[in-house]
Amino acid sequence: MLFLTREKQMKIRYWEVSDKFWAAVAPLIPKTERSPEKEYTRKAGGGRKPIEPRTVFAGIVYVLRTGIHWKALPKEIFGSPSAIHRYFREWEHRGIFQALWAHGLSEYDEMEGIAWRWQSRESSGANPTDREKTRRQAPPVCGRAWCPVVHRRNRGEQA
């Protein structure tokens with residue numbers, strides 16, 4: 001945070017991941033391990049150290065909450081923006097965010113209760129605005145479910 005103005009520091013702190021939230025997320029994050037079948041050219045521990053998972057998750061939350069581009073992510077705080085985006089794509093592919101959403105829904109259901117029957121589409125049509133419509137719509141004028149905008153013409157003719 002050395003290179004950022006005071007305003008930007010305050011704005012970034014606002015998007016930090018709390019300890020309570022991280023406690024719910026941490027078990028879902030996969031541990032990265034070296035594959036025993038793969039042959040590596042570098043020894044274990046060589047190269048750049050990976051970014052901490054909490055920092056990666058904080059960067060992802062920052063991007064998703066603020067709507068900034070991945071490349072605009074503050075490098076001084078979160079590390080390489082392309083690395084954060086790579087983690088995002090990998091975690092999204094593994095279903096971590098869907099699992100987090102399901103966990104949040106179940107937690108909310110325990111605290112407040114979700115009216116699942118009301119949320120279902122049992123009492124509605126394909127479109128929620130079709131709920132409990134009793135009238136029948138008049139058939140289209142041309143006798144089909146859809147009507148072309150222009151009349152049929154030979155393909156050889158110019159329009």
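The values are calculated or read from the model by the stated rules, or taken from the named source; none is laboratory data. In this text the structure is predicted, and so the values were computed from the model without any measurement. All Cβ positions, even for glycine, are placed from backbone atoms using ideal geometry, and neighbour counts span all protein chains on display.
Taking residues in segment 28-55 that are under 29 Å from Ala102 (Cα atoms) and surrounded by 10 or more Cβ atoms within 10 Å (Cβ to Cβ), and partners anywhere that are modelled with pLDDT under 80 and of a type outside the set (Phe, Trp, Tyr), the pairs with Cβ atoms closer than 8 Å and at least 6 places apart or on different chains are Pro50/Thr32.
The set of residues from segment 1-52 being part of a helix (DSSP H, G or I) and either at pLDDT below 75 or in contact with a strand residue (DSSP E or B) (Cβ under 8 Å, 6 or more places away or on another chain) (or both) comprises Arg6, Glu7, Lys8, Gln9, Met10, Lys11, Ile12, Arg13, Tyr14. Thr134 fulfils the conditions (1) closer than 30 Å to Ile29 by Cα; (2) β-branched (Val, Ile, Thr); (3) at pLDDT below 75 except for a single criterion, (1).
Just the residues that are among the small types (Gly, Ala, Ser) and loosely packed, with under 12 Cβ neighbours inside 10 Å, please, taken from segment 56-71. Scanning segment 56-71 gives a single hit, Gly67.
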